[in-house]
Amino acid sequence: MSTDLAALASDLSPYATAAISAYGSAVLTRSQDEAADATVRFGQKILKRIFRDDSPQKGTPKVVEELAADPGNTDLQAVLRVAIIKELKSNTELAAEVCNLMAEAPPASGVVNVAAYGKRSVSSVVIHGDVTTGDTHHSDRG
């Protein structure tokens, strides 16, 4: 499989974190109908798919419980990404399925997508200072 699992886990992270923040460690057992918004619903769907295999022995991963207690902890968010990568590496069918599910992903809460198309296009959320495009521009600033 040619999918970059680290990039995939990074893309999944905002959804997983939003779902864990909303539902805590019950995120894997709570009814999907109760999810508050599209980001949380999608994160819950992904987490359930990755960490639940219908086996009662599997249970809730420790990192989910820890992140539920401290959702803003970026170190725990990184540990979650590592756990996701581990699960996806161990099951290539699951990795392909999750990759396909990402095509359904709503925009993650708090994520801004910025794009620029065409010759000399500029794309930015915030620009501090001059932006110059073109071959013949001469600045008066020194």
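The values are calculated or read from the model by the stated rules, or taken from the named source; none is laboratory data. Quantities reported herein were computed from a predicted structural model and do not represent experimental measurements. Quick reminder, even Gly has a Cβ in these numbers, built from the backbone with ideal geometry, and neighbours come from all protein chains shown.
Given the structure, is GLY72 under 14 Å from ALA18 (Cα atoms), surrounded by fewer than 15 Cβ atoms within 10 Å (Cβ to Cβ) and modelled with pLDDT of 85 or more? Judged against the criteria, GLY72 is a match. Within the range 88-127, the set of residues being under 17 Å from the mean Cα position of the chain (by Cα) and either modelled with pLDDT under 80 or not in a helix (DSSP H, G or I) (or both) comprises ALA105, PRO106, PRO107, ALA108, SER109, GLY110, VAL111, VAL112, ASN113, VAL114.
So, ALA96, is that one aliphatic (A, V, I, L, M), out of contact with any helix residue (DSSP H, G or I) (no Cβ under 7 Å at 6 or more places or on another chain) and loosely packed, with under 12 Cβ neighbours inside 10 Å or not?
Working: aliphatic (A, V, I, L, M): yes; out of contact with any helix residue (DSSP H, G or I) (no Cβ under 7 Å at 6 or more places or on another chain): yes; loosely packed, with under 12 Cβ neighbours inside 10 Å: no.
No.
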